[in-house]
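The values are calculated or read from the model by the stated rules, or taken from the named source; none is laboratory data. All values reported here derive from a predicted model rather than from experimental measurement. Using ideal geometry, Cβ is built from the backbone for each residue, glycine included, and neighbour counts are taken over all protein chains shown.
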Amino acid sequence: MNAKLAAARVTEDRLNRLVREHSGKLGEYLEVEKEIATVRGQIEDLEVQEKKRALRVSYGAVQLTLKEEYAARFDVQLAALSAQFRSSIVDGLQGAILQGSAGLSLMLRYTPSLLFWVVLLYWPSRWAWRRLRAFLSARNAPIMAQ
């Protein structure tokens, strides 16, 4: 691509030099000017192609495989039975305390807002329930009288 571009530039320079140095007929001059325009168009096309090629991105794929080779050693360290029981009891108590504190935290977090909504909606709900019961009993009363 660079060779074509360089050759086209050399041709353009020679044609321009020919126009400046040679005095000939008008027809020859116009023919050389046409040739200069053609070469100039080729140069511009090659420059555009070169810019596109420079901007083009090449993508590659990398495949990486990691493999760990580990052989567990059989290391026998016998702890006393009472130490194992003690560790189990401590772990169990710690888990129970963590779960209890999480439950207490959850309760303390949402109870105030829950109480707020219960207090706020209790009286309107009670009023609506009584009105509905009175309406239904009034509607069913004539049926029972028959």
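Within region 1-19, residues that are closer than 18 Å to Ala54 by Cβ reach partners that are among the basic types (Lys, Arg) with beta carbons closer than 8 Å, at six or more positions or on different chains, in the pairs Met1/Arg53. Taken across region 28-43, residues that are modelled with pLDDT under 85, in contact with a helix residue (DSSP H, G or I) (Cβ under 6 Å, 6 or more places away or on another chain) and of a type in the set (A, V, I, L, M) do occur, with at least one present. Inspect region 43-53 for any residue being touching a Leu at 6+ places or on another chain (Cβ under 9 Å) and free of Cβ contacts under 8 Å to residues at least 40 places away in the same chain and give the result as yes or no. Within region 43-53 (the criterion being touching a Leu at 6+ places or on another chain (Cβ under 9 Å) and free of Cβ contacts under 8 Å to residues at least 40 places away in the same chain), the answer is yes, since at least one residue qualifies.
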